[in-house]
Amino acid sequence: DTPSPAVDAGPTLQDLGFSQQQTQGSAEEQATLDRRSHMLKIHQRLGLITTAPLIATILVAPGNHSSSSDRALHGGLGLLTAGMYFTTASYAIRAPKIPGTKDRGPTRLHKALAWIHGPGMILTPILGAMADEQRNAGEKVHGIASAHGAVAGMTLGAYLAAILAVSVKY
């Protein structure tokens with residue numbers, strides 16, 4: 001029997017220019033990554049759950065000749081939606097950032113759409129309260145308050161598009 005030749009293992013990571021420290025795992029970095037992952041999972045789940053009251057708010061939106069109880073239901077659902085939305089957003093905002101990573105593709109689109117639905121979630125209830133106040137005073141809804149429905153529609157569209165951006169592989 002002749003001894004078999006040694007198998008060439010190829011270059012090591014150090015041979016490729018990586019230091020020993022760069023190739024070692026870090027418990028602190030892993031903890032940060034785990035926390036980020038956990039917070040973004042909660043963000044994802046709450047975001048999907050928030051879709052239900054958001055759509056319900058739109059579906060029960062009162063028309064021009066609505067009762068105060070119809071408007072109260074719509075407003076209550078709207079406040080529930082806003083509270084859930086801002087709780088959901090807080091998880092993404094507070095999730096630890098990983099230095100050196102750049103957003104690409106669906107994540108980049110998702111974040112860009114947040115610049116539409118985020119302000120919409122602030123403006124929609126303000127305009128709704130203004131419209132409700134005008135109606136309760138016996139006035140026809142006028143001025144900026146008349147944009148309540150359009151802003152709500154744009155907010156819903158941007159929100160659903162943001163969900164689709166990270167849900168559909170393309």
*Counting only residues that are surrounded by 10 or more Cβ atoms within 10 Å (Cβ to Cβ) and over 36 Å from the mean Cα position of the chain (by Cα), how many does segment 12-48 have?*
3
_Criterion: β-branched (Val, Ile, Thr), more than 21 Å from Ile163 (Cβ to Cβ) and part of a helix (DSSP H, G or I) - qualifying residue of Ile144, Ile116_ = Ile144
*Scan segment 135-165 residue by residue and report those that are open to solvent by 60 Å² or more (accessible area, probe 1.4 Å) and either in contact with an Asp or Glu (Cβ under 6 Å, 6 or more places away or on another chain) or β-branched (Val, Ile, Thr) (or both).*
Ile144
*Check Ile116, Ile55 and return the single one that is within 20 Å of Ile144 (Cβ to Cβ), touching a residue at least 40 places away in the same chain (Cβ under 8 Å), of a type outside the set (Gly, Ala, Ser) and open to solvent by 50 Å² or more (accessible area, probe 1.4 Å).*
Ile116
*For segment 1-106, list the helices (runs of 4 or more DSSP H) that sit wholly inside it and hold at least 1 residues that are more than 30 Å from Gly118 (Cβ to Cβ) and small (Gly, Ala, Ser); which are they?*
27-59, 68-94
*Taking the options Ile98, Ile93, name whichever one is exposed (fewer than 13 other Cβ atoms within 10 Å of the Cβ) and closer than 15 Å to Gln44 by Cβ.*
Ile93
_Sole residue being acidic (Asp, Glu) and either surrounded by 16 or more Cβ atoms within 10 Å (Cβ to Cβ) or touching a Ser or Thr at 6+ places or on another chain (Cβ under 9 Å) (or both), chosen from Asp70, Asp132_ = Asp132
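The values are calculated or read from the model by the stated rules, or taken from the named source; none is laboratory data. Every value quoted in this text rests on a predicted model; they were computed, and no experiment measured them. As a convention, Cβ positions derive from the backbone with ideal geometry for all residues, glycine included, and neighbour counts pool all protein chains shown. Protein only, heavy atoms only, side chains kept; ligands, DNA and RNA dropped before computing areas. Shrake-Rupley method; radii C 1.70, N 1.55, O 1.52, S 1.80 Å.
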